[in-house]
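Encoded as structure tokens, the structure appears first; notes follow it.
Bear in mind that the values in this text are calculations on the coordinates, not laboratory data. This one's a predicted model, so the numbers in the text were calculated from it and none came from an experiment. Because the Cβ atoms are built from the backbone with ideal geometry, glycine has one as well, and the counts that use them run over all protein chains shown.
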Amino acid sequence: MISLTAAQHMIAMATAEAKSLNVIVAVAVCDAEGHAVAIARMDGMGAFAAESAWDQAVNYVAGLVDEGYGQEADYSSIMKGLKMIKLGEVVEGIVSVFGAEPEQNDEIALAALAAL
């Protein structure tokens, strides 16, 4: 299970990476069932961006649940800005980044994962 402290640290690392890329984003960290642990949007990001980041994570989790938690259906390679949070082979949650170019979202999501 992802703690609030860990989720907040992931968001801090993600927003720091976004600042280094000179972009603004929204970040959602969700548990393995898609429930929000922490969500943030950077100053200047549109009002619905945080919801979009969370929706992206929920839809991603829905696909993983349908396929057995990503064992055959890890869509993160084609859905930029979405990364599974794993402990070993167990999916603990999802980090979702929304708002920048797809490759930038992906880079920011990787920075969030590096926080763990």
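Site pair L116 and E33 shows an inter-label distance of 1.9 nm when each label is modelled 7 Å from Cα along Cα→Cβ. For the pair D55 and L87, label points projected 7 Å from Cα toward Cβ lie 3.2 nm apart.
Counting Lys +1, Arg +1, Asp -1, Glu -1, what net charge surrounds E107 among other residues with beta carbon under 11 Å of its beta carbon? Residues close to E107 contribute a combined charge of -2. Scaled to the globular estimate 2.2 N^0.38 Å, the Cα spread of the chain, given as radius of gyration, is 0.94.
Neighbouring Cβ atoms within 10 Å as the yardstick, rank V91, V29 fewest first. Please list the in-between numbers first.
Working: V91 19, V29 28.
Exposure proxy ranking, most exposed first: V91, V29.
Defining a contact as two alpha carbons under 8 Å apart and six or more residues distant in sequence, what relative contact order in percent does the chain show?
On the way: 228 pairs, mean separation 37.6, N = 116.
That works out to 32 percent.
This ranking places L4, L82 by how few other beta-carbon atoms lie within 10 Å of each, fewest first, which gives L4, L82. For the chain, the dipole from Cβ point charges (+1 on Lys and Arg, -1 on Asp and Glu) about the Cα centre works out to 380 debye, to the nearest 20.
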